[in-house]
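All remarks here apply to the structure that follows.
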Amino acid sequence: MVRVWDRVVRSFHWALVISFVTAWLTSHSSEDIHHWAGYASAALVAMRLLWGILGTPYARFSQFVRDPGTVLRYLSALLSGREARYIGHNPAGGAMVIVLIAAMGSTALTGWLMTTDAYFGVPWVEAAHSVAAHGLLMLVFLHISGVALASFRHRENLARAMVTGRKRKAERTDIA
């Protein structure tokens, strides 16, 4: 086994899961809890952006953010069952990280705007927040599906790896 995900990445991931679920479940029942969950999400996103630059090798954006062509080639290989196993994020997973961070950030931003004097009750801000939150939920389901598919295809429990930080060592055909 090899250490891939550091404590900061793992803590960020699960704290973001908790804050998103909390915000989602309290959106119509507890305004204070909903707001604090949103603030927590925003703080976590800011921290992850910083850690994506300064963090450990597999946490850095430079390790897993790839150009669109590489992502499309990976998805094509995935559809044909020929995708490579990556020790860090695969190109689709790296793209999903960026999209999820952007969606969480926009959800938190529009939610915060709704609490300000300038944008309180403004219909387009409320609509943008709703679209961002519902889009984020769809992305979360897509993310979970991708993790399940990659776990199955590469015979590796990626959810457990996000708890322990460890994955199976690279084999000859894997990409470290």
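The values are calculated or read from the model by the stated rules, or taken from the named source; none is laboratory data. Everything numeric here is computed off the predicted structure, so don't read it as measured data. No Cβ is skipped: glycine too gets one built from the backbone with ideal geometry, and neighbour counts run over all protein chains shown. Keep in mind that these areas ignore ligands, DNA and RNA; they rest on the heavy atoms of the full protein, side chains included. Shrake-Rupley method; radii C 1.70, N 1.55, O 1.52, S 1.80 Å.
So the values come out like this:
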read-out	value
Residue within region 65-76 that is modelled with pLDDT of 95 or more, of a type in the set (Lys, Arg) and open to solvent by 30 Å² or more (accessible area, probe 1.4 Å) present	yes
Only one of GLY165, GLY146 that is in contact with a Lys or Arg (Cβ under 8 Å, 6 or more places away or on another chain) and in contact (Cβ under 8 Å) with a residue 12 or more places away in the chain	GLY165
Residue list for region 72-106, filter: within 18 Å of the chain's Cα centre (by Cα), in contact (Cβ under 8 Å) with a residue 40 or more places away in the chain and outside any helix (DSSP H, G or I)	TYR86, ILE87, GLY88, ASN90
Residue within region 147-155 that is farther than 16 Å from TRP24 by Cα, touching a Gly at 6+ places or on another chain (Cβ under 8 Å) and surrounded by fewer than 17 Cβ atoms within 10 Å (Cβ to Cβ) present	yes
Residue among ALA150, ALA170 that alone is in a loop (DSSP other than H, G, I, E, B) and over 22 Å from MET47 (Cβ atoms)	ALA170
Extreme residue, nearest to PHE61 (Cα to Cα), among residues of region 107-139 that are in contact (Cβ under 8 Å) with a residue 24 or more places away in the chain and open to solvent by 80 Å² or more (accessible area, probe 1.4 Å)	LEU109
